[in-house]
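So the structure is just underneath, and the comments pick up after that.
The values are calculated or read from the model by the stated rules, or taken from the named source; none is laboratory data. Being a predicted model, the structure only gives us computed values, none of them experimental. With ideal geometry, Cβ positions are generated from the backbone for all residues, glycine too; neighbour counts draw on all protein chains shown.
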Amino acid sequence: MFKKKQAESIRNTKSLKLLLLTGTFLAMTGITTTGHADETTQSHGSQQSAQDRVLEPLIVQGASYETENTGSYTSNLVSVGEKDVLTVREIPQSTHVITRDRLEDGGYTSLDTALRKTPGIVVLSNDDGRSSIFSRGFEYDNLYFNGLAAPLSSIYGTQPDMAIVDHVEILRGPQGLYGGTGEPTGTINMRLKQAQKEFGGSASVSAGSWGTYRADADITGPLTENGALRGRLVAAKSESDGWVKGTDNGVELAYGTLQADITDATTLTFSLNYMGRDVKPFNGLPTYADGTLIDLPVDTTTGFDWNDFNNDVKDYIVELEHKFNDGGHVKTSLRYADRSVDFLYGFSLDSADPDGKVDRMRWLARDFEEDSLAVDAHISKPFALMDMDANLIMGLDYRGYTSDMKQGLANINGTFNIFNWDTSAVAKPNVTYSTDQTTDSSQYGGYSQFRISPLEPLTVMAGGRLSWYESEVTNNLTGARTSKVDLDAEFTPYVGATFDLNDNFTAYGSYTSIFQPQTNTKVGGDIIDPRTGNQYEVGLKGSTLSNDLNGSVALFRLEDKNRAVDDPDNAGFSLAQGKVRVQGFETELSGRLLPGLEVSAGYTFTTTKDMETGTTFSYWTPKHMVQIFSKYDVGTHFNEMDGLSAGGSLKYFDDFAAISGGRTINAPSYTVVDAFLNYKLTEDVTAIFNVDNVFNEKYYERVGSTMLFNFYGKPRTYGFKLKAEF
């Protein structure tokens, strides 16, 4: 049953015993919900007989939805990992939505700052916008904008600013059906803000600790009298010195979108986004030689005055969608991106001795240009098959990337001291590039997914994809072509099922897969087989009838096979025999827990193992992670305090580690608490006060090696924002 309860309003009161919290996180909390739901799905539990049952009328939802102005920390709708908008309970995998309200309340301006406070996500910190993002032990290597893929590499800082985003959707575990190649970590899709038929907008200014300043403007409305043509403009500019000495982080962006109703059911959308970052980067602290973390002031640096990082990102998106009266749709979309990055920075290349001396430093410079194109065309069509509800999705897609990278690096002579670092001690080097290479890769494929409900509460889905992939690297200094990969008709399967236990709960199971090409060669010179990531997941999802509260419990096992290992009989060659296993348990709760109280909470238990060596695979993934974010509208119960909201977040990470040169770097567990107050000065003007790390916890948020990539978490930080809406 897809798009269940579309065009139906449920007007009754029912008790929902929720999944979650404390102990085994299976404790149940009784909550009574009232009111009517505007769900976009057909009703569960229809009593019609097979002989006279027909497809129920649907509210056409298409391939996207929005969370702006909902006031909620949850969404009952999900499109990530799918081509349709479906309810959370119709997706047989773990999902999470960061709504626009939660982005606003958290004060998140970059994707990595938002994901640091998101259940099931591990962010290996760097400069904001340049952090590495992990889930279930693997790093995300692609982001999606309105369902279209964009390559992601943390070093180039191309993560978007959140000013242009309506909401962020996260699907955990491999999803190769619509993605083809990629890491088995999952999918992050950002729904960009859309033009509205009603005039409106906002403007805000903010300031905070570490010389932070920011201004945002957002305006939308009709460009014709009937709103058939409408537009939206978003602009933002921010500057921050950062809490680490000698660092800063500046962002400027401009986003515009036009949307035209060609017919009542056909919409054409064009969006353009520009973002530029100007950063003085910092690459973390060294440890002592034995891997012991050094107790230092949190503002300690290992950089130099000439450290610099700049990038420019331009994204163009065109979307044409037609919605059928029966709830299906056909959509063609295209995204082109032009990215340019240049940076030069120094960093430690050695551990520190007991007196704090670091004997080796290095500088790294890159000039990087990338063009990428993503195209997708698909159709989704519901129909009746032998009196059973069914839906078929079929599509074709293409992804192509071309990048040019020049790199220079050299050691820096001298001795430096971590306890008394002199950022002016080294003159800016004259950069010469020793590497100049071009990388071309392309993937095209076809996919299909079939859903059917053989029984009223049961939906079964199966799908598959064929992918063709090519990649090669050219050394522009010699003309030699290296690392050529050519894969034909690589098949990626997908199987899942959901079973509605009652109006509130759905059990589910799925098998999902993805593949990742490798460049290692075996004896004879052929490229080894690609890695394959396969996941089994079973779980239980629940929601209130009004869909303002969602919960889930999931068990998963993910195996990444065919990993390159050294050929013991042939030095310099590889075998595709390695295997990694990641497994665990997750539970989440999001939405309106009580009148006036919004929550987003989750617990994740994860273990990772290299099956060849028997050792931990992802040392930086904590076994236990807890994330809780909440907001209470005080005026709900105290009329004299109408307009006041208070909230905050709690993040707990169990101890984690990194392995460097045979040494283990252990990072202790930590707990960080943030808080905020919102107060409506008038109907249209709101003052927002944030305090991050309320108790000024001193902790290492990331560890990497004995030389660098060990980062302290943010110390206590204050922020104030004034926002006007019109």
**Request:** May I ask you to list pairs of residues, at least six apart or on different chains, whose Cβ atoms are under 6 Å apart, with the first in the range 569-580 being touching a residue at least 60 places away in the same chain (Cβ under 8 Å) and the second being assigned to a strand (DSSP E or B)?
**Result:** Val580/Asp560; Val580/Asp610
**Asked** Among the residues of the range 631-669 satisfying the criterion of being crowded, with 18+ Cβ neighbours inside 10 Å and among the small types (Gly, Ala, Ser), which is farthest from Ser72 (Cα to Cα)?
**Response** Ser660
**Request:** Name, by its number, the condition in (1) more than 26 Å from Gly242 (Cβ to Cβ); (2) crowded, with 16+ Cβ neighbours inside 10 Å; (3) in contact (Cβ under 8 Å) with a residue 60 or more places away in the chain; (4) not charged (D, E, K, R) that does not hold for Thr686.
**Result:** (3)
**Asked** Identify, please: which residue in the range 556-572 is surrounded by 16 or more Cβ atoms within 10 Å (Cβ to Cβ) and of a type in the set (A, V, I, L, M, F, W, C) and is, among those, farthest from Asp529 (Cα to Cα)?
**Response** Phe556
**Prompt:** Just one of Phe711, Phe638, Phe617, Phe656 is within 30 Å of Tyr213 (Cβ to Cβ) and among the aromatic types (Phe, Trp, Tyr); which is it?
**Reply:** Phe711
**Message:** For the range 535-568: of the residues being touching a residue at least 40 places away in the same chain (Cβ under 8 Å) and of a type in the set (Ser, Thr, Tyr), which is nearest to Tyr508 (Cα to Cα)?
**Reply:** Ser552
**Prompt:** Quick check, is Gly551 crowded, with 21+ Cβ neighbours inside 10 Å, under 30 Å from Glu104 (Cα atoms) and in contact with an Asp or Glu (Cβ under 7 Å, 6 or more places away or on another chain)?
**Reply:** yes
**Prompt:** Thr686 is checked against (1) among the β-branched types (Val, Ile, Thr); (2) more than 30 Å from Gly221 (Cβ to Cβ); (3) part of a strand (DSSP E or B) and fails just one. What number does that condition carry?
**Reply:** (2)
**Message:** So if I check each of Asp488, Asp422, which one is surrounded by fewer than 13 Cβ atoms within 10 Å (Cβ to Cβ), in contact with a strand residue (DSSP E or B) (Cβ under 9 Å, 6 or more places away or on another chain) and assigned to a loop (DSSP other than H, G, I, E, B)?
**Reply:** Asp422
**Message:** Which count do you get for residues in the range 383-407 that are under 30 Å from Arg339 (Cα atoms) and hydrophobic (A, V, I, L, M, F, W, C)?
**Reply:** 2
**Asked** Among Thr263, Thr181, which is the only one that is surrounded by fewer than 20 Cβ atoms within 10 Å (Cβ to Cβ) and hydroxyl-bearing (Ser, Thr, Tyr)?
**Response** Thr263
**Asked** Which of the following residues is surrounded by 23 or more Cβ atoms within 10 Å (Cβ to Cβ) and outside any loop (DSSP other than H, G, I, E, B): Val123, Val80, Val97?
**Response** Val97
**Item:** First in the range 502-516 and more than 11 Å from Gly179 (Cβ to Cβ) and touching a residue at least 60 places away in the same chain (Cβ under 8 Å), second anywhere and of a type in the set (Ser, Thr, Tyr) and assigned to a strand (DSSP E or B), Cβ under 6 Å, 6 or more apart
**Value:** Thr506/Thr498; Tyr508/Thr498
**Message:** Can you tell me which of (1) surrounded by 18 or more Cβ atoms within 10 Å (Cβ to Cβ); (2) at pLDDT below 95; (3) not in a loop (DSSP other than H, G, I, E, B) is the one Ile514 doesn't meet?
**Reply:** (2)
**Message:** Just the residues that are within 21 Å of Phe711 (Cβ to Cβ) and assigned to a loop (DSSP other than H, G, I, E, B), please, taken from the range 602-629.
**Reply:** Thr616, Ser618, Tyr619, Trp620, Thr621, Pro622, Lys623
**Residue satisfying all of: in the range 520-530; touching a residue at least 40 places away in the same chain (Cβ under 8 Å) and assigned to a loop (DSSP other than H, G, I, E, B); surrounded by the fewest Cβ atoms within 10 Å (Cβ to Cβ) among these** = Val523
**Request:** Out of Asp308, Asp315, report the one residue that is of a type outside the set (Ser, Thr, Tyr), closer than 24 Å to Trp243 by Cβ, touching a Leu at 6+ places or on another chain (Cβ under 8 Å) and in contact (Cβ under 8 Å) with a residue 24 or more places away in the chain.
**Result:** Asp308
**Long-range neighbours under 7 Å by Cβ, at least six apart or interchain, first residue within 12 Å of Glu321 (Cα to Cα) within the range 251-270, second in a strand (DSSP E or B) and among the basic types (Lys, Arg)** = Gln259/Arg230; Ala265/Lys323
**Request:** Report, by residue number, each residue of the range 668-694 that is of a type in the set (A, V, I, L, M) and under 20 Å from Pro119 (Cβ atoms).
**Result:** Val672, Val673, Ala675
**Asked** Looking only at the range 343-359, which residues are touching an Asp or Glu at 6+ places or on another chain (Cβ under 6 Å) and either surrounded by 16 or more Cβ atoms within 10 Å (Cβ to Cβ) or in a strand (DSSP E or B) (or both)?
**Response** Leu344, Asp350, Val358
**Fill in**
Considering only strands (runs of 3 or more DSSP E) wholly within the range 231-334, the ones with at least 3 residues that are among the hydroxyl-bearing types (Ser, Thr, Tyr) are 266-280
**Positions within the range 670-683 being surrounded by fewer than 18 Cβ atoms within 10 Å (Cβ to Cβ), within 21 Å of Val599 (Cα to Cα) and either more than 26 Å from the chain's Cα centre (by Cα) or modelled with pLDDT under 95 (or both), in sequence order** = Leu677, Tyr679, Lys680
**Message:** Would you confirm whether or not the range 165-178 contains a residue that is at pLDDT 95 or above, within 26 Å of Val341 (Cα to Cα) and part of a loop (DSSP other than H, G, I, E, B)?
**Reply:** no
**Prompt:** Do you know which residues across the range 665-683 are part of a loop (DSSP other than H, G, I, E, B), among the polar types (S, T, N, Q) and over 22 Å from Asp295 (Cβ atoms)?
**Reply:** Thr682
**Asked** On the given criteria, is Tyr447 touching a Leu at 6+ places or on another chain (Cβ under 6 Å) and either part of a strand (DSSP E or B) or free of Cβ contacts under 8 Å to residues at least 12 places away in the same chain (or both)?
**Response** yes
**Matching entry among Lys428, Lys381 (being modelled with pLDDT of 95 or more, outside any loop (DSSP other than H, G, I, E, B) and surrounded by fewer than 16 Cβ atoms within 10 Å (Cβ to Cβ))** = Lys381
**Item:** Selection count where residues are of a type in the set (Val, Ile, Thr) and under 30 Å from Ser380 (Cα atoms), scope the range 392-442
**Value:** 1
**Request:** Say whether the condition of being over 17 Å from Pro457 (Cα atoms) and polar (S, T, N, Q) is met by at least one residue in the range 499-510.
**Result:** no
**Message:** For the range 197-215, check the following and say yes or no: at least one residue is farther than 30 Å from Trp468 by Cβ, in a strand (DSSP E or B), among the aromatic types (Phe, Trp, Tyr) and out of contact with any helix residue (DSSP H, G or I) (no Cβ under 8 Å at 6 or more places or on another chain).
**Reply:** yes
